[in-house]
Amino acid sequence: MRRVIVRRSSVHGRGVFAIKPLAAGERVLQYKGEITSWRNAVRRHQREGVEGHTFLFGLSNGSVIDGSRGGNSARWLNHACAPNCETIEDQGRIFIHTLRAIEPGEELFIEYLLAIDDPPNEEVRAQYACRCAASGCRQSMLADAA
Ligand SMILES: [Zn+2]
């Protein structure tokens with residue numbers, strides 16, 4: 001039974017929305033895609049990616065899941081600094097869990113905390129700027145942006 005759909009988001013591009021009531025702590029989606037190296041994924045993104053949309057999800061072993069290859073609707077999850085979902089790594093796979101009950105029609109958000117090997121330059125910072133408008137917005141989707 002489908003519990004979420006992808007449609008246009010007022011925040012950014014497309015987003016993932018609940019179409020059924022979701023309970024807190026529910027496993028909603030798996031973040032699918034090709035597992036590859038950061039280097040390979042970043043090179044691929046620069047070559048054919050859509051600016052401002054990242055489909056990369058970092059794993060604790062240093063590789064990434066590239067949702068632009070074989071990905072599912074989880075790749076359209078938008079970032080928020082006060083998200084209503086979290087990501088849980090389980091044996092090399094990533095799952096999206098709700099942090100609280102979510103009503104039908106609400107958009108699902110995760111916190112990206114993107115780690116970038118090199119210190120981000122102005123261009124990268126601008127590309128990953130956050131405009132989620134939460135009171136505690138960090139203004140960035142990058143993990144170490146101070
Ligand atoms: Zn924010």
| task | Report, by residue number, each residue of the range 1-20 that is outside any loop (DSSP other than H, G, I, E, B) and either of a type in the set (A, V, I, L, M) or open to solvent by 60 Å² or more (accessible area, probe 1.4 Å) (or both). | result | Val4, Ile5, Val6, Arg7, Arg8, Arg14, Val16, Ala18
| query | When you go through (1) in contact with an Asp or Glu (Cβ under 6 Å, 6 or more places away or on another chain); (2) free of Cβ contacts under 8 Å to residues at least 24 places away in the same chain; (3) not charged (D, E, K, R) one by one for Gln91, which number turns out not to apply? | reply | (1)
| request: Hey, can you tell me all the residues within the range 21-53 that are under 16 Å from the mean Cα position of the chain (by Cα), open to solvent by less than 30 Å² (accessible area, probe 1.4 Å) and within 17 Å of Cys85 (Cβ to Cβ)? | output: Val28, Leu29, Tyr31
| Among the residues of the range 84-92, is any under 11 Å from the mean Cα position of the chain (by Cα) and open to solvent by 60 Å² or more (accessible area, probe 1.4 Å)? | yes
| task | Would you be able to tell me the number of residues in the range 56-68 that are at pLDDT 90 or above and open to solvent by 40 Å² or more (accessible area, probe 1.4 Å)? | result | 0
| Which members of the range 100-138 meet the condition of being within 11 Å of the ligand (Cβ to nearest atom) and not in a loop (DSSP other than H, G, I, E, B)? | Phe109, Ala129
| task | Within the range 68-127, count every residue that is among the charged types (D, E, K, R) and over 20 Å from Gly15 (Cα atoms). | result | 8
| Which of (1) more than 16 Å from Tyr112 (Cα to Cα); (2) part of a helix (DSSP H, G or I); (3) of a type outside the set (Lys, Arg) does Ala74 not meet, given it meets every other one? | (1)
| task | Could you check how many residues of the range 17-49 are basic (Lys, Arg) and touching a strand residue (DSSP E or B) at 6+ places or on another chain (Cβ under 6 Å)? | result | 1
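The values are calculated or read from the model by the stated rules, or taken from the named source; none is laboratory data. None of the values given here were measured: they were computed from a predicted structure. We place every Cβ from the backbone using ideal geometry, glycine too, and count neighbours over all the protein chains shown. What goes into the accessible areas is simple: the full protein's heavy atoms, side chains included, and nothing from ligands, DNA or RNA. Shrake-Rupley method; radii C 1.70, N 1.55, O 1.52, S 1.80 Å.
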